[in-house]
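Okay, so here's the structure we're looking at.
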Ligand SMILES: [Zn+2]
């Protein structure tokens, strides 16, 4: 009988630990998603964004956001937007793209007390200049790059709308080269999804938020809500077949996970997100 109190003490500890482990298991991982204004593109002729003549003689305004994903294991920056030089000097490119920017990414980061050194990982949906300008402002971050996209961006002469000078730090930055999907923090909450077609290594991002649910940032797989269903394929995509397969993948994933799609260039999708420095969680 003298062992009875010890038995109950051990049992109590076991039950307490078991319950607390169960409680810990149930705790969702707290992630914040910030959408940051990284410029704007006014397109006076949108025809090239559909190879089936859907956008002939149409004009459109495109948002150009960057996204911060704040995870307990570090911060991921997704896309680095248009060049800061546009803040002082807006530009018209190719006669149809009017590019503007009102605030630098670094000034936006300052609003929530961050500097580039606080950004653990940087990845871009693809290497077009409206998604990758400013990448070299993060030389101390780990760059997560698709192998095929890096090889594509480095080809000479530079492919369509790629400014490879933004990659000049890649040889000295810490780099993770990936081939396909990639689980950024190793817990399934933030996953890079291979969605080639717009460019050979184009990728999208899936984020599982505890309150807001699953969010898909689709890069340039779609340029507007109207190019999601039915799918409109830009004439300058590197592969129509890959674009269609990637769209099919995202549409099925969105349906099966009840995800919220953010078409990054769609200004209504961008404006529908909490205004920075507010966030989704
Ligand atoms: Zn774009």
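I need the full set of residues from the stretch 215-241 which are surrounded by fewer than 19 Cβ atoms within 10 Å (Cβ to Cβ), away from the ligand (no atom under 16 Å from the Cβ) and closer than 23 Å to residue 123 by Cα, in order please. If the condition is that a residue be surrounded by fewer than 19 Cβ atoms within 10 Å (Cβ to Cβ), away from the ligand (no atom under 16 Å from the Cβ) and closer than 23 Å to residue 123 by Cα, then 239 is the only one that fits. Residue 205: in contact with a helix residue (DSSP H, G or I) (Cβ under 7 Å, 6 or more places away or on another chain) and outside any loop (DSSP other than H, G, I, E, B), yes or no? So residue 205 fails the test. Taking (1) over 19 Å from the mean Cα position of the chain (by Cα); (2) farther than 22 Å from residue 265 by Cβ; (3) exposed (fewer than 14 other Cβ atoms within 10 Å of the Cβ) in turn, residue 147 satisfies each apart from (1). When residue 87 is tested against (1) more than 15 Å from the ligand (Cβ to nearest atom); (2) surrounded by 15 or more Cβ atoms within 10 Å (Cβ to Cβ); (3) assigned to a loop (DSSP other than H, G, I, E, B), exactly one condition is not met: (3).
Screening residue 154 against (1) within 17 Å of the chain's Cα centre (by Cα); (2) without any contact (Cβ under 8 Å) to a residue 24 or more places away in the chain; (3) surrounded by 14 or more Cβ atoms within 10 Å (Cβ to Cβ) leaves a single unmet condition, (1). None of 254, 262 is within 16 Å of the ligand (Cβ to nearest atom) and more than 24 Å from residue 147 (Cα to Cα) except 262.
Values quoted throughout were computed directly from the atomic coordinates according to the rules given, and no laboratory measurement underlies them. Quick caveat, the model's predicted, so the values are computed rather than measured. Virtual Cβ from ideal backbone geometry, glycine too; neighbours counted across all protein chains shown.
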